[in-house]
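Here the structure is laid out as structure tokens; the discussion comes afterwards.
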Amino acid sequence: MRAIVLIKTGIAEKAFEIREFPKPTAGENEVLIKVAYSGLNFADVMARKGMYKEAPPLPSVLGYDVSGTVEAVGKNVTHVVPGDAVFALTRFGGYAEYVVCNAMAVAKIPSKTDPAFASALATHYCTAWFCAAEMVNLNEGDTVLIHAAAGGVGTALTQYALYKKCNVFATVGSDEKIKILEKAGVHAAINYRKEKFEEVVKSKTKGKGVNVIFDAVGGRSVKIGIQILSAGGRMVCYGASEMTGSKSLFHYIKTGLAFGFYNPGLLTMASKSIIGVNMLHVSDERPLLLKKSMDEVCKLAESGVFMPLSGKIFRVSEIAEAHKFMESRASVAKVVLAW
């Protein structure tokens, strides 16, 4: 089989090679998938740039999620059979023609989901559901702020928050994305390049602030976000894209300091909380919780609540272009490679 190998960190044009590998086989609790589409995630960009400490050592095959067809199953696997159209969380190794996954990380593609973008359910939508339903439990009427709302997880969070009848504030970096959010039904779409999101929130909530913040940006947005949380407010941090702006030590230090420093006692007095989410650790250490997330995401996709948007499809040979597109932050929804 072919796989895309990260051979060096740095610029996308020089980072990858396509190499041949033996086709893998499924263990007794595993599923072998013939991959149709390999999903890209922002963590892939961070790994390519040498900024993701949990990435496997070079040379390595990146890729968190795939969609395709079941080729074979282990003897203990019963919920999917050869020929089923599935999506899966791969935990690296997804940039390949065939992947082997733990059976708990594999699910059938819901009937209403485009197979090309179904891999978004494994990463973006499982992360969103875990953040919003398991860690926070959104309530009807909650005022919610979602950063990077046109991205993969942001789109999923927006869909879920609107489903839960929340008042949704959302930030993006272009007027084109503003139109997408407004069409989706967001109550206040904010172009952070033109407006300060905290000022918009304070104005529209008459100083009351928001009940929940979902932050994939990090840095300054976290520090400011804490200030606009209401009593009982929760901030869920599931990324730090601001850290990828530069590899310079100064940038790391500056961005790290921008997060701010928090005393549990002061958070208690203000009745505010900060929650960190890393779905890789959840999937590694609590596979049953991952399976629960996959099951709940599938139910919501079947009912039409979760609808992965049509993103952008690149050919495998265009891996460098796909990475640059992700890095530019011009992407909306899922970006995939077609085998």
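The values are calculated or read from the model by the stated rules, or taken from the named source; none is laboratory data. Quick caveat: nothing in here was measured; it's all calculated off a predicted structure. With ideal geometry, Cβ positions are generated from the backbone for all residues, glycine too; neighbour counts draw on all protein chains shown. Areas reflect the complete protein model, heavy atoms only, side chains present, ligands, DNA and RNA absent. Shrake-Rupley method; radii C 1.70, N 1.55, O 1.52, S 1.80 Å.
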Can you tell me the 0 to 90 degree angle between the C-alpha axis of helix 175-184 and the longest principal axis of the chain, rounded to 10? 90 degrees
Heavy-atom accessible surface of the chain: percent carbon and sulfur, 1.4 Å: 54 percent
Can you compute the modelled spin-label distance between Glu176 and Ser271, with each label point 7 Å from Cα toward Cβ, in nm? 4.4 nm
Go through His124, His281 and list them by solvent-accessible area, largest first, probe radius 1.4 Å. His281, His124
Counting heavy atoms of the protein chains only and a 1.4 Å probe, report the per residue accessible area for the chain as a whole number of Å². 45 Å²
If R0 = 22 Å, then Thr78 and Thr25, at their Cβ-Cβ distance, give a FRET efficiency to the nearest 0.05 of 0.75
Could you compute how much accessible surface Met1 exposes when probed at 1.4 Å, giving the result in Å² to the nearest 10? 50 Å²
Measuring from the longest principal axis of the C-alpha atoms of the chain, the long axis of helix 249-258 (C-alpha) lies at a number of degrees, nearest 10, equal to 50 degrees
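Report the antiparallel proportion of the DSSP beta bridges in the chain as a percent, rounded to a multiple of 5.
Here the share of antiparallel DSSP bridges comes out near 55 percent.
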Read phi for every residue in segment 95-109 and hand back ³J(HN,Hα) as whole Hz from Karplus 6.51 cos²θ - 1.76 cosθ + 1.60, θ = phi - 60°, with x for Gly and Pro. 7, 8, 6, 9, 9, 10, 10, 4, 4, 5, 9, 10, 9, 5, 6
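Using 1/(1 + (r/R0)^6) with R0 = 51 angstrom and r between the beta carbons of Asp284 and Lys206, what's the FRET efficiency to the nearest 0.05?
The value I calculate is 0.70.
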Matching label for the computed Cα Rg over 2.2 N^0.38 Å, out of (1) 0.98; (2) 0.93; (3) 1.15, is (1)
What's the extension gain from Ser310 to Arg193 if we count 0.36 nm per residue and subtract their Cα-Cα distance? 39.6 nm
So which aspartates and glutamates pass the test for Lys334, namely a Cα distance under 18 Å, with those fewer than 8 places away in the same chain ruled out? Asp44, Asp65, Asp114, Glu176, Glu318, Glu321
Is segment 1-140 best put as rounded, prolate or oblate by its Cα gyration tensor, with a ≥ b ≥ c the root eigenvalues, rounded for a/c under 1.5, and otherwise prolate when a/b is larger than b/c, oblate when not? oblate
Computed FRET value (nearest 0.05) for Met135 with Thr69, which takes r as the C-beta separation and R₀ as 35 Å: 0.60
Give me the percent relative contact order of the chain, please, defined on Cα pairs under 8 angstrom at least 6 residues apart. 18 percent
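On a 25 Å Cα-Cα criterion, which of the cross-link pairs Lys164/Lys204; Lys23/Lys324; Lys108/Lys165; Lys108/Lys177; Lys53/Lys312 come out too long?
Lys23/Lys324; Lys108/Lys165; Lys108/Lys177; Lys53/Lys312
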